[in-house]
Amino acid sequence: MTLARPWLILLALLIPVAVFLRTWLRWRIEGGVGLATPPGIVLPRSPRVIALRALPLLRALALMLLVLALAGPRLGRTKVKSYSEGIDIVLALDISGSMRALDFPPGNRLDAAKEVARKFIEGRVGDRIGLVVFASNSYTQCPLTTDHGVLLRLLDEIEIGDIKDGTAVGMAIGNALNRLKGVPGKSRVAILLTDGMNNTGVLDPLTAAGLARSLGVRIYTIGAGTKGKAPYPVEHPLFGRRVEYVEVDLDEDTLQAIADTTGGLYFRATDSASLARIYQRIDALEKIKVETEEFVEYRDLGALLLWPALGLVLLEIALATTWLRRSP
């Protein structure tokens, strides 16, 4: 609790002093003109006499409450308003069959990609984020939204095999651009993760990158996969599930060109840890300035003190005109 006018408290401190001096002077005057009391005799003080002498205390207390009310006691709490314009981000995630590769333990590539994407989304409070998936074609798993809870549930539902196998990088970029074009945000970003090379789709990746540049969309590209050969689970008709090592087929030149064309960056992720660091780097690069305004909201308590002060004044008047009324 604070006081709007704390200097008025000094007046409240003077009231007890004034009451004491007034009472002391009155007792001296009344004692000087009163009848002398014989030595050795103590006159009993009736409750009425005691109450009569204490009557000025009611007025003093009422005055103290009044002064305290004028001092402006108040309860306050600080509020902070943040003003920011969120970034519009579309995550484009490869769900082709090669994402089953087991070089991103403890799971496969898709498991690792979904986990780091989840942490990235959770850290982007205030941003609108959408999700595009692709294999031989591309579709929108979730449009741009600030409801990250819904987005995370849809992210969890992604499975390899939802789309016919293939890698349509250009179509993925085109789908992401459809989500981002026309949105009012000043900053629009796409993050594309793939472990392969464009081998299908009607839209060439570099043509799509040119469209992104014309729309002012920045694309960060991530190539996922170990260098050399990677372990893939293979279903054998006789021996069942087994792991075979297959050469990683990643078109880094195209991914680099896409990033350069749009003003983004290209990253290579060779394991879960490096993939997590890449998303952290992108998160740091795509921070926006947040303006804050702090103010204090007060609740005035002074009016609450006026009622007891008024009650004490009325009580003093009632007592002074009835039970404690002085005889002329």
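In the stretch 247-280, which residue that is part of a strand (DSSP E or B) and not aliphatic (A, V, I, L, M) is farthest from the chain's Cα centre (by Cα)?
Our first condition is that a residue be part of a strand (DSSP E or B); within the stretch 247-280, this holds for 247, 266-269.
Next, from what is left, pick out any that are not aliphatic (A, V, I, L, M): 247, 266-268.
Working: 247: 45, 266: 31, 267: 30, 268: 32 Å.
The extreme case among them is 247.
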Inset, instruction - Output yes when any residue across the stretch 231-240 is within 40 Å of the chain's Cα centre (by Cα) and in a loop (DSSP other than H, G, I, E, B), and no when none is. - result: no
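Can you tell me how many residues in the stretch 224-255 are touching a Phe, Trp or Tyr at 6+ places or on another chain (Cβ under 8 Å) and over 21 Å from residue 276 (Cβ atoms)?
The number of residues fulfilling the criteria is 6.
Quick one: in the stretch 160-200, which of the residues that are acidic (Asp, Glu) and surrounded by fewer than 22 Cβ atoms within 10 Å (Cβ to Cβ) is nearest to residue 91 (Cα to Cα)?
The selected residue is 162.
Here's the yes/no breakdown for (1) crowded, with 20+ Cβ neighbours inside 10 Å; (2) assigned by TED's automatic domain parsing to the domain that holds residue 190; (3) farther than 23 Å from residue 274 by Cα; (4) touching a helix residue (DSSP H, G or I) at 6+ places or on another chain (Cβ under 8 Å):
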position	(1), (2), (3), (4)
110	yes, yes, no, yes
124	no, yes, no, yes
131	yes, yes, no, yes
134	yes, yes, no, yes
139	no, yes, yes, yes
143	no, yes, yes, yes
150	no, yes, yes, no
154	no, yes, yes, no
Inset, instruction - Give the residue, chosen from 249, 260, that is modelled with pLDDT of 95 or more and acidic (Asp, Glu). - result: 260
Inset, instruction - Check whether at least one residue in the stretch 43-54 is more than 30 Å from the chain's Cα centre (by Cα), at pLDDT 70 or above, crowded, with 19+ Cβ neighbours inside 10 Å and assigned to a helix (DSSP H, G or I), and report yes or no. - result: no
Legend entry - Which listed residue, of 182, 170, 174, 166, is part of a loop (DSSP other than H, G, I, E, B), among the small types (Gly, Ala, Ser) and more than 32 Å from the chain's Cα centre (by Cα): 166
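Any idea which residue in the stretch 4-25 is surrounded by the most Cβ atoms within 10 Å (Cβ to Cβ), counting only those that are of a type in the set (Gly, Ala, Ser) and modelled with pLDDT under 70?
Step one: list which residues in the stretch 4-25 are of a type in the set (Gly, Ala, Ser), which gives 4, 12, 18.
If we keep only those that are modelled with pLDDT under 70 too, we end up with 4, 12.
On the way: 4: 13, 12: 17.
Restricting to residues being of a type in the set (Gly, Ala, Ser) and modelled with pLDDT under 70, the top hit is 12.
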Inset, instruction - For residues that are in contact (Cβ under 8 Å) with a residue 40 or more places away in the chain and among the hydroxyl-bearing types (Ser, Thr, Tyr), scanning just the stretch 121-157, find the one that is nearest to residue 91 (Cα to Cα). - result: 138
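Return yes when residue 118 is of a type in the set (D, E, K, R), part of a helix (DSSP H, G or I) and under 29 Å from residue 248 (Cβ atoms) and no when it is not. Give the derivation first.
Details: of a type in the set (D, E, K, R): yes; part of a helix (DSSP H, G or I): yes; under 29 Å from residue 248 (Cβ atoms): yes.
When the stated conditions are applied, residue 118 passes them.
Could you say which residue among 71, 101 is crowded, with 19+ Cβ neighbours inside 10 Å, aliphatic (A, V, I, L, M) and modelled with pLDDT under 75?
Numbers: 101 fails: modelled with pLDDT under 75.
Just one listed residue meets the conditions, 71.
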Inset, instruction - Tell me which residues, restricted to the stretch 185-198, are within 31 Å of the chain's Cα centre (by Cα) and either not in a loop (DSSP other than H, G, I, E, B) or not assigned by TED's automatic domain parsing to the domain that holds residue 116 (or both). - result: 188, 189, 190, 191, 192, 193
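Here is a yes/no grid of residues against (1) touching a residue at least 60 places away in the same chain (Cβ under 8 Å); (2) in the same structural domain as residue 186 (by TED's automatic domain parsing); (3) not aliphatic (A, V, I, L, M):
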{"residue": "200", "(1), (2), (3)": "yes, yes, yes"}
{"residue": "212", "(1), (2), (3)": "no, yes, no"}
{"residue": "216", "(1), (2), (3)": "no, yes, yes"}
{"residue": "228", "(1), (2), (3)": "no, yes, yes"}
{"residue": "235", "(1), (2), (3)": "no, yes, yes"}
{"residue": "243", "(1), (2), (3)": "yes, yes, no"}
{"residue": "253", "(1), (2), (3)": "no, yes, yes"}
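The values are calculated or read from the model by the stated rules, or taken from the named source; none is laboratory data. Please read all numbers here as calculations on a predicted model, not as lab measurements. All Cβ positions, glycine included, derive from the backbone under ideal geometry; neighbour counts span all protein chains shown.
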